[in-house]
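What follows is one structure encoded as structure tokens, with my remarks underneath.
The values are calculated or read from the model by the stated rules, or taken from the named source; none is laboratory data. Quantities reported herein were computed from a predicted structural model and do not represent experimental measurements. Neighbour counts run over all protein chains shown; Cβ positions are idealised from the backbone, glycine included.
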Amino acid sequence: MLLSRRLIAVLALACACSAFAAAQQPSDPETERKIDALLMQMTLEEKIGQLTQFAGKNPQNIEMIKQGKVGSLLGVLGAQDSNEVQRVAVEKSRLKIPLILGYDVIHGYRTIFPVPLASAGSFDMPLIEQAERVAAKESTAAGVKWVFAPMVDIARDPRWGRVVEGAGEDPYLGSMIAAAKVRGFQGKSIADPESVVACVKHYVAYGAVEGGRDYNTVDISEQLLREVYLPPFHAAVDAGVGTLMSAFQDLNGVPASANHHTLTDILRGEWKFDGFVVSDWGATHELIAHGVATNDAQAALESLTAGVDMDMVDGAYINNIPELVNSNKLPIAVVDEAVRRVLRVKFKAGLFEHPYADADREKTDFLTPENREVARKLAFESMVLLQNKNDVLPLSRKQTVAVIGPLANDKSSQLGPWAGNGQAADAVTPLDAFRQKMGSDHVLYAKGVDIPPFENGLAAGVAAPAPPSATGVKNFQTENKPASIPDAVEAAKKADVVLLFVGELAGMTGEASSRSTLDFPGDQMKLIDAVVATKKPVVLVIESGRPLDIRWAADKVSGIVQAWFLGVEAGNAIAHTLLGDASPSGHLAISWPRSVGEIPTYYNHKNTGRPSAPDRWHTGYLDQSAAPLYPFGYGLTYTKFSYSNLKVESPKISANGTLRVTADIQNTGKREGTEVVQFYVHDRVAPTSRPVRELKGFERVTLAPGEQKTVEFSVKVNDLGSYDPEMHWIVPRSTYDVWVAPDSASGIQGTFEVE
Ligand code: BGC
């Protein structure tokens with residue numbers, strides 16, 4: 001049984017290789033010749049070495065590099081250490097093939113930007129690209145030439161801790177962001193000393209883990225895979241991404257790291273990807289636990305033949321592939337093809353010419369004022385104003401504010417869960433920023449409560465409490481005093497308005513940080529209730545990596561701001577916005593559920609045969625609305641916008657035409673503001689049921705009070721199609737609805753027909 005499965009895998013691969021060879025059109029024959037020359041000289045072990053990645057700089061890894069048995073290390077940071085390991089490869093190994101050194105740069109290397117779920121809400125592609133350019137520059141200064149980013153997993157389940165690492169729930173927005181991030185990381189050329197090779201991850205459908213439980217099973221239709229989960233990866237490949245990372249979880253029964261269909265048929269066959277694929281951490285070895293391999297040898301065989309070229313940290317390739325080849329269980333052509341892909345990226349990245357980091361750049365390139373400025377701007381554009389009753393915001397500098405809550409002065413949590421090489425000390429907290437901008441006399445502070453780790457141990461890695469600040473003139477609670485709710489109440493009573501910084505510690509989101517509820521951990525609700533009872537106006541500022549359950553908030557507090565984890569400039573961006581130096585413009589990149597029970601909640605759901613209606617016999621719940629509390633795309637500002645005059649240029653259009661839709665957007669308020677104008681489409685009749693809306697365009701528009709602008713969306717009709725049940729892309733002849741809208745649940749509507 002085992003042997004025959006293995007044989008089938010090998011035979012399937014042999015076919016795939018020839019198909020790939022035909023599809024592949026190496027752009028640079030000179031590089032391919034250099035690779036041929038190297039392959040001729042390489043021993044089998046040296047070849048597998050190129051397919052092997054280990055972690056860290058340690059004597060064992062150094063020895064293996066010398067022997068040519070390692071092609072990559074991860075987590076070696078700093079010019080000195082990275083140059084030291086590189087020198088071993090380039091000067092002491094027989095063939096002098098440079099290493100490619102990788103690291104997770106998810107939202108910045110040293111200058112930490114907002115977490116990706118937050119920055120997605122800026123809908124600002126040039127700025128997102130610019131932030132990754134900064135991250136690339138800082139990473140390469142530290143000897144990191146390869147980043148395990150962007151993470152582009154679509155996620156519809158905020159229980160999943162890794163929802164924070166991606167761009168939210170929408171495949172169109174996710175694709176635009178995937179491409180922008182690849183452009184930012186890789187620049188004009190990955191050979192540029194200030195560019196990194198990007199690694200789009202986790203291929204594929206990791207965001208669909210059942211129950212939001214990390215690493216769990218995924219079983220979804222091919223249509224859902226193609227229409228929702230694959231598009232951001234495809235966009236990254238089209239943008240020229242150098243590498244992909246295969247995911248941990250199984251996909252329709254076949255683990256993503258042994259999935260020939262996705263790794264070879266689609267990635268190589270359909271998309272013509274010519275870079276390399278690295279497994280996620282230990283994912284090859286985990287094929288045993290998945291129950292598709294009996295041992296590492298079989299796991300290595302399955303993983304490599306499926307299309308995973310490099311094996312991350314578990315040694316399964318280097319320890320087993322030589323024997324698999326020597327015993328004719330694996331054709332050497334398969335190994336050669338994988339080595340070719342790895343070497344191609346190393347050549348394209350200029351590693352053979354410039355293997356070393358320039359140590360001087362470490363002194364000048366980190367956390368510069370310009371880098372901080374990009375972080376501040378992106379942080380400002382990422383936060384979302386959800387509620388602003390009685391115009392409680394913006395605040396006036398004449399007011400006295402009580403800054404209350406466990407996150408108000410927590411430096412580590414400002415950075416977020418996967419903060420590269422960020423340092424907590426670099427972060428500006430909200431408390432720091434309000435004191436600085438308003439003067440300490442106008443700012444009272446009380447922590448109120450601590451956020452304890454979860455009892456079942458999942459909070460391992462939760463950040464340590466921030467060091468006490470040196471400032472603090474008028475504190476009801478000095479930063480060293482234990483947190484106390486009475487102190488918080490006391491501060492609230494003395495203030496004109498309360499800013500309540502509550503949410504999650506950064507370490508409560510991210511990998512292996514799934515949650516079964518969306519509650520505020522610890523005693524934060526007690527703190528909130530006690531502060532609300534003072535009857536002072538309260539602005540809830542939520543710092544979290546996922547939407548939390550705030551059904552109760554609309555009636556209790558005046559303002560609600562979703563601040564996510566905004567990075568090193570978090571405090572400055574929050575104070576800047578709350579004090580009205582500019583109007584907030586962030587919009588939600590994920591639907592905000594009312595309660596955990598309605599998850600998954602996503603705007604692009606199907607209509608069903610019984611769409612929501614006031615009577616009982618329709619899709620929904622008896623005990624609550626099935627609509628999200630706040631829809632995807634939602635976000636307020638300090639002014640108001642009106643939408644009017646929607647025009648469809650060609651009400652009847654052919655499938656190969658270009659649809660043009662315009663609408664007038666006017667700022668009807670008293671302040672300048674930026675609106676994210678969104679464009680949605682719905683195909684009324686198709687062979688498969690279609691989502692009620694799909695985002696197909698957006699534009700950020702800044703308008704002075706009274707100003708009006710006509711916004712135009714121009715979309716190829718072919719891009720509005722869908723897969724038929726046989727997985728052919730079609731553009732059904734049908735009536736389509738279009739909306740130009742401030743969010744996914746409202747807007748002005750029109751129609752057109754595809755003839
Ligand atoms: C994560 C990846 C990450 C890798 C290397 C894994 O645990 O799933 O996202 O790139 O570790 O750090």
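Structural remarks
- One residue stands out among those in region 71-80 that are away from the ligand (no atom under 16 Å from the Cβ) and within 21 Å of ALA149 (Cβ to Cβ): the one that is surrounded by the fewest Cβ atoms within 10 Å (Cβ to Cβ), which is GLY78.
- Number of residues in region 673-690 that are of a type in the set (S, T, N, Q) and buried (at least 20 other Cβ atoms within 10 Å of the Cβ): the value is 2.
- Members of region 419-464 that are of a type in the set (Phe, Trp, Tyr) and modelled with pLDDT of 95 or more: PHE434, TYR445
- In the set (1) outside any strand (DSSP E or B); (2) exposed (fewer than 15 other Cβ atoms within 10 Å of the Cβ); (3) not aliphatic (A, V, I, L, M), the condition left unmet by PRO628 is number (2).
- VAL308 vs. criteria on the phi > 0 side of the Ramachandran plot and within 16 Å of the ligand (Cβ to nearest atom): no
- Considering ASP219, ASP296, ASP274, the condition of being acidic (Asp, Glu), without any contact (Cβ under 8 Å) to a residue 40 or more places away in the chain and touching a Ser or Thr at 6+ places or on another chain (Cβ under 9 Å) is satisfied by ASP296 alone.
- One residue from ALA141, ALA135 being more than 16 Å from the ligand (Cβ to nearest atom) and of a type outside the set (Ser, Thr, Tyr): ALA141
- Scanning region 698-755 for residues that are hydrophobic (A, V, I, L, M, F, W, C), touching an Asp or Glu at 6+ places or on another chain (Cβ under 9 Å) and not in a strand (DSSP E or B) yields ALA704, LEU720, MET727, VAL731.
- The helices (runs of 4 or more DSSP H) found entirely in region 338-447 that carry 3 or more residues being farther than 20 Å from GLY586 by Cβ and in contact with a helix residue (DSSP H, G or I) (Cβ under 9 Å, 6 or more places away or on another chain) are 361-364, 430-438.
- The condition (being at positive phi and either more than 16 Å from the ligand (Cβ to nearest atom) or modelled with pLDDT of 95 or more (or both)) is satisfied by just one residue among GLY161, GLY168, GLY174: GLY168.
- Contact map, region 130-152: residues that are closer than 17 Å to GLU370 by Cα paired with residues that are surrounded by 24 or more Cβ atoms within 10 Å (Cβ to Cβ) and basic (Lys, Arg), Cβ distance under 7 Å, separation 6+ or inter-chain. Pairs shown: GLU132/LYS181; GLU138/ARG110.
- Residue list for region 311-337, filter: within 16 Å of the ligand (Cβ to nearest atom) and assigned to a helix (DSSP H, G or I): ALA316
- Candidates GLY620, GLY609: the one that is over 26 Å from ASP496 (Cβ atoms), surrounded by 16 or more Cβ atoms within 10 Å (Cβ to Cβ) and over 27 Å from the mean Cα position of the chain (by Cα) is GLY620.
- Looking only at region 487-513, residues that are part of a loop (DSSP other than H, G, I, E, B) and under 20 Å from GLY545 (Cβ atoms) come to 7 in all.
- Scanning region 487-504 for residues that are crowded, with 24+ Cβ neighbours inside 10 Å and farther than 16 Å from PRO394 by Cα yields a count of 7.
- Checked against (1) aromatic (Phe, Trp, Tyr); (2) crowded, with 24+ Cβ neighbours inside 10 Å; (3) out of contact with any Phe, Trp or Tyr (no Cβ under 8 Å at 6 or more places or on another chain), TYR172 meets all criteria but (2).
- Failed criterion for LYS640 (all others in (1) modelled with pLDDT under 95; (2) touching a Ser or Thr at 6+ places or on another chain (Cβ under 6 Å) hold): (1)
- Condition met for THR662 (assigned to a loop (DSSP other than H, G, I, E, B), surrounded by 15 or more Cβ atoms within 10 Å (Cβ to Cβ), in contact with a Lys or Arg (Cβ under 9 Å, 6 or more places away or on another chain) and of a type in the set (Ser, Thr, Tyr)): no
- Filtered by the rule that a residue be more than 12 Å from LEU385 (Cβ to Cβ), among the aliphatic types (A, V, I, L, M) and part of a loop (DSSP other than H, G, I, E, B), region 563-594 gives LEU566, VAL568, LEU579, ALA589, ILE590.
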